[in-house]
1. Mind listing the long-range amide H neighbours of N95? Cut-off is under 5 Å, sequence gap 5 or more, other chains count too, H placed in the peptide plane at 1.01 Å from N.
2. What is the set of long-range amide H partners of G28 at a cut-off below 5 Å, with H atoms built 1.01 Å from backbone N?
3. Just from its helices, what would the mean residue ellipticity at 222 nm be for the chain, if runs of 4 or more DSSP H residues each count -39500 (n - 2.57) and the sum is divided by every residue, rounded to the nearest 500 deg cm²/dmol?
4. For a protection proxy built on the mean count of beta-carbon atoms within 10 angstrom, sort 507-516, 474-483 highest first, please.
5. Identify all aspartates and glutamates with a Cα-Cα distance to K180 below 16 Å; exclude those on the same chain that are fewer than 8 residues away in sequence.
6. State the three equivalent ellipsoid semi-axes of the stretch 165-234, derived from the C-alpha gyration tensor as the square roots of 5 times its eigenvalues, in descending order and whole Å.
7. In Å³ and rounded to a whole number, note down the convex hull volume per residue for the Cα atoms of the stretch 313-450.
8. Quick one: Debye curve from the C-alpha atoms of the stretch 198-380, no solvent, what's log10 I(q)/I(0) at q = 0.12 Å⁻¹?
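Laboratory data are not the source of any read-out in this text; all were calculated from the coordinates shown. On a predicted model such as this, the values are computed, not experimentally measured, just so you know. Virtual Cβ from ideal backbone geometry, glycine too; neighbours counted across all protein chains shown.
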Amino acid sequence: MKIRSISFKNFASYGNRWQTINFDDQQGDFYIVLGENGAGKSSISDAIKFGLYGKLDAKKLAHIANRFNKHAHIKIELEKNDTEKITIERGVAPNFFKLFINGVEYQQAGKKNVQTFLEDEILGIPYYIFNNMISLSINDFKSFMDMSPSDKRNIIDRIFGLELITHIRAKVKSIIKEFKEGVEELTTEINVLGRNIEASTLELEALSAKLQESAEGKKEDLLDKIGKIEGFLKSAEQHLNKLSDAESELKGLIDSWRQKENNLQYENKNRNTKIKLLQSGQCPTCETNLSTDYHKDLLQSYLEKDLEVVAEMQSIADQLQELGEKRKKLVESKRDIEGRVSSAQFQISASKRDLKQLSESNSKDEQTTALRNIIEKSTLSKNEVLQRKDQETKKVNFYGLVDEIFGDKGIKLLAIKKILPLLNSEIKKVLTALGLEYRVTFNQEFDVDIKHLGYEIAVEQLSTGERKKMDFAVLIALMRILKMRFSGINLFFLDEIFSSIDMTGIHHILSVLHKTCRESKLNIFVINHSPLPMEIFDYRVGVQKNNGFSNLEVEKII
């Protein structure tokens with residue numbers, strides 16, 4: 001897609017006279033757009049944006065037409081390729097939108113459908129990129145270095161068509177969600193069927209058991225069983241109380257013996273310390289001689305006492321072992337009785353329930369047949385649902401693998417690894433041309449790394465002018481990559497970008513832009529309210545406002 005001409009009238013502050021700019025087929029030209037503040041310079045790029053996309057971020061549709069004349073009309077001539085010539089006509093007050101291909105109007109129901117066709121099939125450049133990359137002003141330009149990593153990735157995705165991967169992944173995630181919801185529904189259905197089968201089986205077993213014997217005989221058996229169990233429970237309760245008392249007594253004895261053992265261990269530790277000191281022959285602190293007869297006798301008494309304590313400790317250990325074994329047996333007895341009590345309580349509860357059912361039930365054999373039919377049908381249904389769940393689970397697993405492939409760590413990361421060296425290389429070229437001794441690189445997460453003379457610095461440490469120059473370097477690098485991606489792009493607008501930049505910096509930027517015009521065959525418009533070195537430009541676009549209406553004149557600079 002290449003724009004060949006733009007014409008507009010009654011747009012913003014422009015009156016009822018056609019304003020036209022034609023673009024050279026052979027090369028890119030460098031335009032300087034000059035005029036006072038409020039003269040209508042920025043309206044040139046706004047007219048192109050509105051003509052192509054039918055919207056402007058900063059203006060409502062009702063405010064686009066000239067407030068006196070109304071009848072805003074924009075006409076853009078472009079070509080998709082050598083054989084397709086496109087004309088776009090769009091107006092406000094009254095509103096209209098027409099698209100012509102080789103002179104024949106494209107017919108489609110609804111303006112939205114025509115606009116979608118224009119953007120997808122002809123322009124091939126989303127409004128987001130055009131507004132943030134091709135047409136920039138100092139007021140709404142967002143620094144690439146200050147953008148969040150997700151915003152940076154969005155721009156790179158759109159430039160290189162990686163948004164298709166994002167769209168695919170979003171669709172895959174939507175499919176996974178649907179399948180997971182289906183699996184959850186099937187799981188719920190399986191659980192319901194399982195509970196129904198279990199309940200019906202238990203009911204059938206209970207019913208069959210009741211039908212096997214006489215109801216009265218079963219009642220007598222149950223009453224006898226309940227009486228015996230209750231007698232056992234009473235006896236078990238008494239036995240458990242005795243065992244608990246015995247256990248408490250044993251615990252007291254064990255604690256007493258352990259206290260004795262701890263006391264002896266403490267005394268033994270102190271005595272061993274004294275033995276070691278006496279055996280050394282000299283006090284390490286005061287250097288007193290400890291090898292006298294008195295000290296030797298004292299040492300001997302400590303050693304003899306140590307032997308006595310060893311024997312006493314062994315006796316205590318034997319006592320504790322014996323008591324521990326008794327306690328272990330006692331605890332095992334308690335657990336055995338408690339287990340039998342628990343089983344007996346369950347049996348008495350079940351017996352009482354059966355007794356109640358026998359009193360209320362008047363069951364017939366037809367009931368068991370009906371229950372078997374229910375169980376059989378429910379089992380078949382459960383098996384069918386299990387098979388469906390298995391199939392749905394396999395689909396979830398398959399699309400989970402697809403999600404990983406199209407995720408940030410999959411083929412998208414491989415693509416970004418290929419793109420980043422190109423972006424960083426282009427930034428380096430522009431920085432060199434601007435005379436900046438900085439190295440600016442972006443990593444795979446699109447975090448910026450800035451180094452100066454080998455030292456890493458933060459973005460916040462840059463002066464306003466340095467920051468603007470770096471933003472410009474990134475912008476030109478992205479623009480060059482954008483040109484590689486969308487070869488038909490032939491327009492680029494920079495609106496009042498030179499504030500806070502010194503004259504040397506402006507000269508370098510203009511030189512880079514002029515070179516880019518020629519190398520990339522781009523028509524670059526520099527909009528400025530104050531004069532710039534005219535000799536570097538190819539055309540001068542003067543914008544003047546007389547009697548409330550703007551007018552532009554395009555003059556070739558010789």
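1. none
2. Close amide H contacts, sequence-distant or interchain: K521, L522.
3. Values: 10 runs with 318 residues, N = 558.
Per the formula, -20500 deg cm²/dmol.
4. Details: 507-516: 18.4, 474-483: 21.5.
Answer by packing, highest mean first, reads 474-483, 507-516.
5. E189, D390, E392, D403
6. Working: eigenvalues 624, 49, 4 Å².
So the equivalent ellipsoid measures 56, 16, 4 Å along its semi-axes.
7. Value for the stretch 313-450: 345 Å³ per residue.
8. -0.82
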